[in-house]
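The values are calculated or read from the model by the stated rules, or taken from the named source; none is laboratory data. Values in this document were obtained by computation on a predicted structure and should not be read as measured data. Note that each Cβ is placed from the backbone with ideal geometry, even for glycine, and that neighbours are counted across all protein chains shown. For accessibility, only protein heavy atoms count, side chains too; no ligands or nucleic acids. Shrake-Rupley method; radii C 1.70, N 1.55, O 1.52, S 1.80 Å.
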Amino acid sequence: MGVANAWRFSLISANLASLHQQNGCNGGTNKQYVLWRWRFYASQRRKIPWSLICGLMLFALGLISLFTGHVASDLEWYSQRLKDGIVRRHQPIDIWKSRYSKYYHGCSERRKKFPRARSERSSNGYLLIAASGGLNQQRTGITDAVVVARILNATLVVPELDHHSYWKDDSDFANIFDVDHFISSLAKDVTIVKRVPDKVMRSMEKPPYTMRVPRKSTPEYYLDQVLPILLRRRVVQLTKFDYRLANDLDEELQKMRCRVNYHALRFTKPIEELGQKLVMRMRSMAKRFIAVHLRFEPDMLAFSGCYYGGGDKERYELGEIRKRWATLPDLSPEGERKRGKCPLTPHEVGLMLRALGFANDTHLYVASGEIYGGEETLWPLRELFPNFYTKEMLADEELKPFLQFSSRLAAIDYIVCDESDVFVTNNNGNMAKILAGRRRYMGHKRTIRPNAKRLSALFMAKNQMDWDTFARKVKSCQRGFMGEPEEMKPGRGEFHEFPYSCICEKPVTDEEHKDRDHHLDKASAHLIAKLQSKAREKKGEKKFKKKGLVEEPITSVDIEGVELFPD
């Protein structure tokens, strides 16, 4: 009963009680009065129109159907994950290639209904973009710049690269990317020109309007805040353009992101040729190889706020570098490590790979800049994987024209990492994310990201367990971080890392259905055997403890002549 109705009912009850106490001579009148009052209140309550009630009921039903629709879609996704995932989780992982990758493919074709780009003459004006950061950070900016130009119906001027950041590379767009291919491949999506026409520049009363938009700005923000200025001034420049567009966009705009990133941004011929030469040289030595992207430069470590055991010398050197960023907060090295925010050391990367099952004779291509600590830091990784190569080792004279340009060198590493059978990273930086997304799009090639939060605790306790225990725990930690097709739910994480709108499932033939069922049957048998083995081990442990025997932990293990846990 509502507050108003309860209040009305209390008034009626009070009136009835008072009237009942009065003398009998007025009984008939009082009864008529009470009956009139009761009919009056009843008529007042009946005044709610049926149309309103029906409308409210329909609204409620709509809300219920909307809610249950969302729940149903989530339940469908989770039930499918449970259906295939429970068995797969216990299934041995092929460390070189996902057995499920063949069921997926990249799909970013523009739909026929998607309108063509406006011509330069009929567009809303010219959009200038100043990208920011290193090569891969700028790559995300260029990709988003094309989409923003489409949102604004603007003509995009070929983006200007960053010449003033830490890397201090004065390369222009045309020195790294094939600019003609960039313009022609996107002609249906966005009109792109190399420069603003002189005629337009001369006709402008003021220089181009310069502004910086907030990070992760929505399409609505660009239409509300940037478009009116563009229409008024004809030329607008957006500065520090990195991650300035929202992650979640309309599906057609997401597909456009993929067309830019995976098809339109092609490296120049000299970079592409040298990158492919290095891939061929790695393949001539081994059928399969791993590419490891090591971010262990002094500035990276200083920025992370982590500590790597180098004592006062390390604390002083990294502390001095950290002063470059005045706005950085004071961080707890131990806290950052527990949160999984610290890049793995080269030694930890080597231990992770050996624990996952990669043999001592596996060939490694290491993509890195200046490693803090130099050869001393790299030595444990070299010991674990003697077949250790870098671009400097594979190309001497051929590399000289690129040595003064950090972005061009990064582009060469990008090509080799993309073409590798397995890509491994010790961090979750821009190159790691960009390449993870590209490798998903290009066929879900094996991509291993360290589960740093769980691995850090394991590395700190490694001297308290034997090698088999350590390896088993590493494999457990890395489940869900091996680049399998269904590791992430659509919409989670950065779109550049997981381009879900551009990945489609292939139609499965009857033969492939049988093959998939065969894999799952084998996995089921393996799971049952594993559970039975665990039960037997548990039973054996109880007997073992009853006899009073204690197993001593092994603090160092020698595998193929390499001490994995040196003091």
(request) Could you tell me the accessible area of HIS163 in Å² (1.4 Å probe, neighbours in place), rounded to the nearest ten? (result) 60 Å²
(request) Mind giving me the FRET efficiency for LYS277 and GLN404? R0 is 22 Å, r the Cβ-Cβ distance, nearest 0.05 is fine. (result) 0.65
(request) List the residues of the stretch 105-136 whose backbone N lies under 16 Å from a point placed 7 Å from the Cα of MET211 along the Cα-to-Cβ direction. (result) 124-130
(request) Could you state the accessible area per residue of the stretch 361-449 in Å², with a 1.4 Å probe and every protein chain left in place? (result) 36 Å²
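Of the chymotrypsin sites (Phe, Trp or Tyr not before Pro) in the stretch 325-380, which ones lie in a loop per DSSP and count no more than 14 other C-beta atoms within 10 Å? Each step should come with its number before you reach the end.
Numbers: sites: TRP325, PHE358, TYR365, TYR372; in loops: TRP325, PHE358, TYR372.
Answer by residue number: TRP325.
Could you compute the FRET efficiency for LEU331 and LYS489, with r as their C-beta to C-beta distance and R0 at 51 Å, rounded to 0.05? Display every interim value, and only then the final one.
Numbers: r = 30 Å, r/R0 = 0.59.
Efficiency, from the Cβ-Cβ distance: 0.95.
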(request) Measure off 7 Å from each Cα along the Cα-to-Cβ vector at LYS323 and GLU160, then give the distance between these two points in nanometres to one decimal. (result) 3.2 nm
(message) Rounded, prolate or oblate for the stretch 152-255? Axes are the square roots of the Cα gyration tensor eigenvalues, ordered a ≥ b ≥ c, and the cut-off for rounded is a/c under 1.5.
(response) rounded
(message) Which residues does the label zone of MET201 cover in the stretch 134-167, counting backbone N under 19 Å from a point 7 Å along Cα→Cβ?
(response) 155-163
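Rank these residues by their accessible area, most exposed first, probe 1.4 Å: MET431, MET280.
MET280, MET431
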(request) At 1.4 Å probe size, with every protein chain present, just tell me what the per residue accessible area of the stretch 170-290 comes to in Å². (result) 52 Å²
(request) Net charge near ALA187: determine it from the other residues with C-beta under 13 Å of the C-beta of ALA187, scoring Lys and Arg +1 and Asp and Glu -1. (result) +3
(message) With the crude spin-label approximation of a point 7 Å out along Cα→Cβ, what separation in nm comes out for ALA187 versus ARG339?
(response) 5.0 nm
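Within the stretch 210-314, how many Lys pairs that are eight or more residues apart, or on different chains, come under 30 Å at the alpha-carbon?
8
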(request) Sort out for me the Cα centre separation of the stretch 150-206 from the stretch 472-508, rounded to whole Å. (result) 33 Å
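With a Förster radius of 51 Å, plug the Cβ-Cβ distance of ARG479 and LYS194 into 1/(1 + (r/R0)^6) and report the FRET value to the nearest 0.05.
Working: r = 48 Å, r/R0 = 0.95.
E(calc), rounded to 0.05, equals 0.60.
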(message) Between the stretch 375-423 and the stretch 255-328, what is the separation of their alpha carbon centroids in Å?
(response) 10 Å
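Got a sec? What order do PHE498, PHE481 fall in by accessible area at 1.4 Å, biggest, i.e. largest, first? Mind dumping the intermediate values first?
Working: PHE498 15, PHE481 55 Å².
Ranked list, largest accessible area first: PHE481, PHE498.
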(message) How far apart, in nanometres, would the label points at GLU220 and ARG233 be if each is projected 7 angstrom from Cα along the Cα-to-Cβ direction?
(response) 2.5 nm
